[in-house]
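A.B. asks: To start, I am sharing the structure in question, which I have written as structure tokens.
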Amino acid sequence: IKKKSAASLRKMKDQSEKITMITCYDGAFASLMNQTDIDAVLVGDSMGNVVLGFDDTIPVTMDMMVHHTAAVSRILQGPLLIADMPFMSYNISVEQALENASRLVQEGGAQAVKLEGGEEILPQVKAITNAGIPVVGHLGLTPQKIHALGGYRVQGRGDEGVRLSEDAKLLEEAGCFALVLELVPDELAKSVTASLQIPTIGIGAGAGTSGQVLVLHDLLGFNDDFKPKFLKTYANLGQIIRNALQEYVSDVKGGSFPAEEHTFKK
Ligand code: KIV
Ligand code: NA
């Protein structure tokens, strides 16, 4: 199996091949990822909401990220493995950012890390890149700033777009090899993509980016109530899993499981 790298994604942009990324938080799903053509896997801090039961990504710690990244990396083969740096794990100092980025690579087995923010994190992006750890940027809706942003809504409309474009350029200059654009108008995402050498990966950013990322459980339809405009669900696993679990309960209660064929004899 040929392992994808940061350079592979850059090459895909040059060749106008769309990049596909999906989040993943454990080994069971990583093993299914191996049997697909997915280009990159992100151990996102969306793990906080999606599998750890938190309301947002703020409570996610470095230990949690390392733990789940390691689970994915033990199984994942071909796709590039990127891990999110969680809330406040890189904002305090360059030294702190370096220490934590290196944990995700050394203990977690990540090939690259992702940080949210623009101009304010350039020293961290430069230092991590210089240390030999490829960095993905993340602009637009940055969920770690949810309390400052006041809600999960589209970013970069009007004048805000200029600032976002400038931040994108600065992140590229600082060494990012890719940039996630979350919840921004498609025109802005398209113009940012055209202005950069590095690929952009969109979520709720329209079709003009170099690639797309979705949250695994969202695209699989785990939660019937979560249907934001930008999401396409590719399966109704919530329904399928619920039915299977309920059928098991009914079988046991009704005495039809275990049957003869599931039973050992002396
Ligand atoms: O944590 C996450 O899932 C992400 C993606 C939505 C880009 O950061
Ligand atoms: Na994230």
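A.B. asks: Could you grab me the full set of residues in the range 34-46 that are in contact with a strand residue (DSSP E or B) (Cβ under 7 Å, 6 or more places away or on another chain), farther than 11 Å from LEU80 by Cβ and not β-branched (Val, Ile, Thr)?
C.D. replies: Hits for the range 34-46 are GLY44, ASP45, SER46.
A.B. asks: Can VAL215 be described as out of contact with any Leu (no Cβ under 8 Å at 6 or more places or on another chain), at negative phi and assigned by TED's automatic domain parsing to the domain that holds GLN111?
C.D. replies: yes
A.B. asks: Same structure again: Can you tell me how many residues in the range 89-116 are free of Cβ contacts under 8 Å to residues at least 60 places away in the same chain and not in a helix (DSSP H, G or I)?
C.D. replies: 10
A.B. asks: Can you run down the residue pairs with Cβ atoms below 9 Å, 6 or more apart or on separate chains, where the first is in the range 164-190 and in the same structural domain as LEU214 (by TED's automatic domain parsing) and of a type in the set (Lys, Arg) and the partner is away from ligand 2 (no atom under 16 Å from the Cβ) and in a helix (DSSP H, G or I)?
C.D. replies: As it stands, the answer is LYS169/VAL192; LYS169/SER195, since those pairs meet every condition given.
A.B. asks: Which residues, taken from the range 31-52, are charged (D, E, K, R) and surrounded by 24 or more Cβ atoms within 10 Å (Cβ to Cβ)?
C.D. replies: We begin by selecting, within the range 31-52, every residue charged (D, E, K, R); these are 37, 39, 45.
The one that is charged (D, E, K, R) and surrounded by 24 or more Cβ atoms within 10 Å (Cβ to Cβ): ASP45.
A.B. asks: Moving to a separate point now. Residues of the range 119-141 being within 15 Å of ligand 1 (Cβ to nearest atom) and farther than 14 Å from SER89 by Cβ, which ones?
C.D. replies: Within the range 119-141, VAL136, GLY137, LEU139, GLY140, LEU141 meet the criteria.
A.B. asks: Scan the range 40-62 for residues that are away from ligand 1 (no atom under 14 Å from the Cβ) and either touching a helix residue (DSSP H, G or I) at 6+ places or on another chain (Cβ under 9 Å) or among the polar types (S, T, N, Q) (or both) and jot them down.
C.D. replies: ASP55, THR61, MET62
A.B. asks: Any residue in the range 75-88 that's assigned by TED's automatic domain parsing to the domain that holds LYS145 and more than 27 Å from ILE1 (Cα to Cα): show its pairings with residues that are near ligand 2 (Cβ under 10 Å from one of its atoms) and among the β-branched types (Val, Ile, Thr) at Cβ separation under 6 Å, as long as the two are six or more apart or on different chains.
C.D. replies: PRO86/VAL60
A.B. asks: Also, quick follow-up: Against the conditions (1) in contact with a Phe, Trp or Tyr (Cβ under 7 Å, 6 or more places away or on another chain); (2) closer than 30 Å to LYS13 by Cα, where does GLY206 fall short? Just the number, please.
C.D. replies: (1)
A.B. asks: Restricting attention to the range 35-64, which residues are part of a strand (DSSP E or B) and more than 10 Å from ligand 2 (Cβ to nearest atom)?
C.D. replies: ALA40, VAL41
A.B. asks: Here is a further query. With the requirement that a residue be closer than 24 Å to MET21 by Cβ and not in a helix (DSSP H, G or I), what does the range 236-266 give you?
C.D. replies: ASN236
A.B. asks: Scanning for something more than 27 Å from ILE128 (Cα to Cα) and modelled with pLDDT of 95 or more, does the range 158-181 turn up at least one residue?
C.D. replies: Looking through the range 158-181, none of the residues is more than 27 Å from ILE128 (Cα to Cα) and modelled with pLDDT of 95 or more.
A.B. asks: Looking only at the range 119-140, which residues are in contact with a helix residue (DSSP H, G or I) (Cβ under 7 Å, 6 or more places away or on another chain) and either over 25 Å from GLY108 (Cα atoms) or among the aromatic types (Phe, Trp, Tyr) (or both)?
C.D. replies: Once the filter is applied, which keeps residues that are in contact with a helix residue (DSSP H, G or I) (Cβ under 7 Å, 6 or more places away or on another chain) and either over 25 Å from GLY108 (Cα atoms) or among the aromatic types (Phe, Trp, Tyr) (or both), the range 119-140 yields GLU119, GLY140.
A.B. asks: Do you know which residues across the range 129-162 are surrounded by 14 or more Cβ atoms within 10 Å (Cβ to Cβ) and either polar (S, T, N, Q) or more than 16 Å from ligand 2 (Cβ to nearest atom) (or both)?
C.D. replies: If the condition is that a residue be surrounded by 14 or more Cβ atoms within 10 Å (Cβ to Cβ) and either polar (S, T, N, Q) or more than 16 Å from ligand 2 (Cβ to nearest atom) (or both), then THR129, ILE133, PRO134, THR142, GLN144, VAL154, GLN155, GLY156, GLU160, GLY161 are the ones that fit.
A.B. asks: Which is assigned by TED's automatic domain parsing to the domain that holds LEU141, touching a Ser or Thr at 6+ places or on another chain (Cβ under 8 Å) and not charged (D, E, K, R), of LEU42, LEU32?
C.D. replies: The conditions single out LEU42.
A.B. asks: For ILE82, all conditions in the list (1) part of a strand (DSSP E or B); (2) among the β-branched types (Val, Ile, Thr); (3) in contact with a helix residue (DSSP H, G or I) (Cβ under 8 Å, 6 or more places away or on another chain) hold save one; what is the number of the exception?
C.D. replies: (3)
The values are calculated or read from the model by the stated rules, or taken from the named source; none is laboratory data. Values in this document were obtained by computation on a predicted structure and should not be read as measured data. Don't worry about glycine lacking a Cβ; one is built from the backbone with ideal geometry, like all the others, and counts go over all protein chains shown.
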